[in-house]
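Coordinate-derived values only; no laboratory data. Remember, predicted model here, so these are calculated numbers, not experimental data. Quick reminder, even Gly has a Cβ in these numbers, built from the backbone with ideal geometry, and neighbours come from all protein chains shown.
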2 protein chains.
Amino acid sequence: MSLIVQKYGGTSVGSVERIESVAERVIGWREQGHQVVIVVSAMSGETNRLVELAKAIHEQPVPRELDVLLATGEQVTIALLSMALEKRGCAARSYTGHQVHIRTDSVHNKARIVDIDDKRIRKDLDQGRVVVVAGFQGMDETGNITTLGRGGSDTSAVALAAALQADECQIYTDVDGVYTTDPRVVPEARRLDHITYEEMLEMASLGAKVLQIRSVEFASKYGVPLRVLSSFEETGCTVAGTLISAEEAEMEQALISGIAFNRDEAKVTMLGVPDQPGVAHKILGPIADSNIEVDMIIQNIAEDATTDFTFTIHRNDYDKSLAIMQETAKKLGAREVTGDTKIVKVSIVGVGMRSHAGIASTMFETLATEGVNIRMISTSEIKISVVVDEKYLELSVRALHEAFGLDQST
Amino acid sequence: MSLIVQKYGGTSVGSVERIESVAERVIGWREQGHQVVIVVSAMSGETNRLVELAKAIHEQPVPRELDVLLATGEQVTIALLSMALEKRGCAARSYTGHQVHIRTDSVHNKARIVDIDDKRIRKDLDQGRVVVVAGFQGMDETGNITTLGRGGSDTSAVALAAALQADECQIYTDVDGVYTTDPRVVPEARRLDHITYEEMLEMASLGAKVLQIRSVEFASKYGVPLRVLSSFEETGCTVAGTLISAEEAEMEQALISGIAFNRDEAKVTMLGVPDQPGVAHKILGPIADSNIEVDMIIQNIAEDATTDFTFTIHRNDYDKSLAIMQETAKKLGAREVTGDTKIVKVSIVGVGMRSHAGIASTMFETLATEGVNIRMISTSEIKISVVVDEKYLELSVRALHEAFGLDQST
């Protein structure tokens, strides 16, 4: 017997029929003798409905009250799922974040979990009940209702799994796992049976939006094995999907686990900046002050004691960034500011590259053979990213997917 | 400065516009220097929507989970109203029943309030905030969410007013007070400025459905002055409506405060029951066992050592009652069971009748003059009820309304 925490997202509980189907699945796990704790999101569409109600009153609703409002979404789901379980003769009990003391800080709308009191849940589990907990929500020290921000239910599930020392935290969603790359771009993409936390973090932040990145960090920190599964497949308890866990010595490592990419990139370059200490801070300071998140940063020293400085941002921030940079360029006496919104980032990710030389050169060679011009390069311990022209995205991803042996046939 | 608890029902908060209008009204009271605690119901239609969701899962949803589900209705309203207040620069804070420890017993779906911890609310009031509390809900000793049953928000408001020793508990609804009788039957009916708890209890239970009867009992028990007002009239803080409070010595008592009536009556009679000790119990026992509520009960001793036994019930229970009575009649050797569903009950209510003789005879004389045949009579200290044929309802109510000087002109 093991203790499993399962999380079902908004589409998985999006209708009464879907909720009934989740109940069937949960009972399947119970019948195999497992203890089960369920974390659910609001029914799909419900959070948006509530946000619209709030916006009809105030474009910028008070954060504390927005949390009180939004928390009702998950509360509806826990009640309905518990009813569906009880109807099938499965003892169940629902709890709001408040009731099981999911204690968070007081940052309304994006609170962070501080602590969970697992006593009440353990007692129910020991009495043979399935426990259904509202995801996405908690309470601060003085009992105010808080929410964790969009996608926070994944984090709720992982935090509960950590507090209960669960054997596994299963995240049910509308895809059946993590793929080597987006199957819409590369039909040969295959599902990964296993991936490490670090790889998943690189994949997630690079655009494979299967899991909330905070939940993966959390799982990694507390060593909670995470599994991504589909709630839309045949009811049953076959353990498939993708397991995300720590790297194990005996694991046979693939060189590369996957190819991630991001279409929403734009870059801004300041040319001919008089080189002096602190220039990077002077350029990036005003950008950070405007709450624009910078991704890749590259600085080359030119021959004439000036430097060229380039960084990438989200395309939505392009116009604002360009304006700020032109202002800064005047102050610094830089020659020119240019930019480009027709770029994308393609990354290869894999813990295997730590112990294998030549991965980068294989990547660059593959792209060169296809005639793809690389605009920027950035590397980390388990990832190499390149920026290329938008039009080369699909070509680049497919070529790399094949070159690193990720296709299903290989 | 006084402390006022105001309750707004479902239609008073039925839309964003209505909620904004409530906010304006509350701010008017604040500006007069009063401390204000607001109790709200779910937006009209919301509770039904939630019940339908539950019924789609199970015709008889688990009571505990139904409470978790229904409690979200009021939680949405408290958040929206607090946002509307804050938007207007009025500091406000919302609380669920759970958060302000409205402690109830554990009878899900119709819990009774046991205790309220007023500390948190007092603190907010002292800091100049308006406190917005979810009506209809509480929590039991172990922290389970409970609801008080339909109309429970009135009771929440009165209980809060009692706990806070408020100066007045104002119930805002879609009528502007308690009338001498239903104005749809008697256009000359006038609004009462004042009525006692006892009179209101008799009026409410007899069909003037302005207030939840439990809330009146509660107010009476704790001496909370209750005021019924319309939330649909011009925004402003004129104290109108009907005040419901204890009888005061110096109050000039009208003989009769109002004429109540009930259209949903039916009666069942058992004729020729051999008279013996315990016969009433033998007849009414099986009725009570079937959860049928009996209203008036009359027993006459006939000359031949048999008795005739009549009682009234709700029309919905008529068929069931008749069947049970026929069964019982066989066992007791009674002659016959008859019944009638075309009857109504008309009552005159007033604390003044305690000290004035002749009220009953005026009533009977008035009805006789109009040719109305009285089928049953029942009296209490402050009320006289008669059962008459359905077709005489309007005639009886109008004649009595005039006879006791209740018309607007008098």
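For segment A:354-410, just say rounded, prolate or oblate: build the C-alpha gyration tensor, square-root its eigenvalues into a ≥ b ≥ c, call rounded for a/c under 1.5, and beyond that prolate if a/b exceeds b/c, oblate if not.
Working: a/c = 1.80, a/b = 1.08, b/c = 1.67.
Verdict is oblate for segment A:354-410.
Can you give the mean number of other chain Cβ atoms that lie within 10 Å of the Cβ atoms in peptide B:336-349?
Details: counts 0, 0, 0, 0, 0, 0, 0, 0, 0, 0, 0, 0, 0, 0.
Per-residue shielding by partner chains comes out at 0.
Please list, in order along segment A:345-361, the HN-Hα scalar couplings obtained from phi with the Karplus expression 6.51 cos²θ - 1.76 cosθ + 1.60 (θ = phi - 60°), rounded to whole Hz, x for Gly and Pro.
3J(HN,Hα) across segment A:345-361, in whole Hz: 10, 10, 10, 9, 10, x, 5, x, 5, 4, 9, 10, 7, x, 5, 4, 5.
Could you give the spread of the C-alpha atoms of the protein assembly as shown along their three principal axes, from largest to smallest, in whole angstroms?
122, 63, 40
Pull up the cross-link candidates among the lysines for B:K345, meaning alpha carbon to alpha carbon under 17 Å and not fewer than 8 places away within one chain.
B:K345 reaches B:K209, B:K267, B:K383, B:K391.
Kindly put A:F136, B:F364 in sequence by how many other C-beta atoms sit within 10 Å of each C-beta, fewest to most. Walk me through the intermediate numbers first.
On the way: A:F136 29, B:F364 15.
Ascending number of Cβ neighbours within 10 Å: B:F364, A:F136.
Along its principal axes, what span do the Cα atoms of segment A:1-123 show, with the longest given first and each in whole Å?
For segment A:1-123, the Cα spread along each principal axis is 49, 33, 17 Å.
Along the three principal axes, how long is segment B:253-410 when you take its alpha carbons, biggest first, rounded to the nearest angstrom?
56, 30, 28
Please report how far the C-alpha centroid of segment B:37-103 lies from that of segment B:157-235, rounded to the nearest whole angstrom.
23
I need the Kirkwood Rh of segment A:1-61: take the reciprocal of the average 1/r across all distinct C-alpha pairs and report it in angstrom.
Computed over Cα pairs of segment A:1-61, the Kirkwood hydrodynamic radius comes out at 13.3 Å.
Taking neighbour Cβ counts within 10 Å as the exposure measure, how do B:S153, A:S321 sort from fewest upward?
With the fewest neighbours first, B:S153, A:S321 line up as A:S321, B:S153.
Hey, what number do you get for the protein assembly as shown at 222 nm if only DSSP H runs of n ≥ 4 count, each worth -39500 (n - 2.57), divided across all residues, to the nearest 500?
-11000 deg cm²/dmol
So how tilted is helix A:318-332 from the main axis of chain A? Cα-based, degrees 0 to 90, rounded to 10.
40
Step through the table entries B:K55/B:K110; B:K7/B:K55; A:K55/B:K55; B:K282/B:K320; B:K55/B:K320, compare each Cα-Cα distance with 23 Å, and write down the pairs that go over it.
Beyond 23 Å: B:K7/B:K55; A:K55/B:K55; B:K55/B:K320.
How many nm separate the modelled label positions at B:I374 and B:D174, each set 7 Å beyond the Cα in the direction of the Cβ?
Placing both labels 7 Å beyond Cα along the Cβ direction yields 3.6 nm.
Could you list which residues have their amide H under 5 Å from that of B:I38, counting only those 5 or more apart in sequence or on another chain, with H placed in the peptide plane?
B:Q6, B:V131, B:V132, B:V133
Taking each residue in B:51-60, count the Cβ atoms of any other chain within 10 Å of its Cβ, then average. What number comes out?
For peptide B:51-60, the averaged partner shielding equals 5.
Calculate how steeply helix A:46-57 sits against the longest principal axis of the alpha-carbon atoms of chain A, using the helix alpha-carbon long axis, and give the answer as 0 to 90 degrees to the nearest 10.
Tilt of helix A:46-57: around 70 degrees.
Order these by the 10 Å Cβ neighbour count, fewest first: A:L332, B:L229, A:L160.
By the 10 Å Cβ count, ascending: A:L332, B:L229, A:L160.
Taking a label point 7 Å from Cα toward Cβ, how far is B:G285 from its twins in the other copies, in nm, shortest first?
Shortest to longest, the spacings are 9.3 nm.
Per-residue Cβ counts within 10 Å, from other chains only, averaged over A:90-96: what number is that?
Counting other chains' Cβ atoms within 10 Å and averaging over A:90-96 gives 4.
Calculate one ³J(HN,Hα) per residue across segment B:381-398 by plugging θ = phi - 60° into the Karplus curve 6.51 cos²θ - 1.76 cosθ + 1.60, and present them in order as whole Hz with x for glycine and proline.
Result, rounded to whole Hz: 4, 10, 8, 10, 10, 10, 9, 9, 4, 3, 5, 8, 3, 4, 4, 5, 4, 5.
Quick one: 3J(HN,Hα) in Hz for segment B:119-125, Karplus 6.51/-1.76/1.60 with θ = phi - 60°, rounded, Gly and Pro as x.
4, 4, 5, 4, 4, 5, 4
Just to be sure I understand: chains B and A are related by a rotation, so which residue of B has its Cβ closest to that axis, and how close in Å?
Output: B:T72, 2.
Please compute one quarter of the surface area of the Cα convex hull for segment A:3-249 and express it in square nanometres.
Dividing the Cα hull surface by four gives the mean projection, 13.8 nm².
What angle do you read, to the nearest 10 degrees and between 0 and 90, between the alpha-carbon axis of helix B:213-222 and the longest principal axis of chain B?
Result, in degrees: 70.
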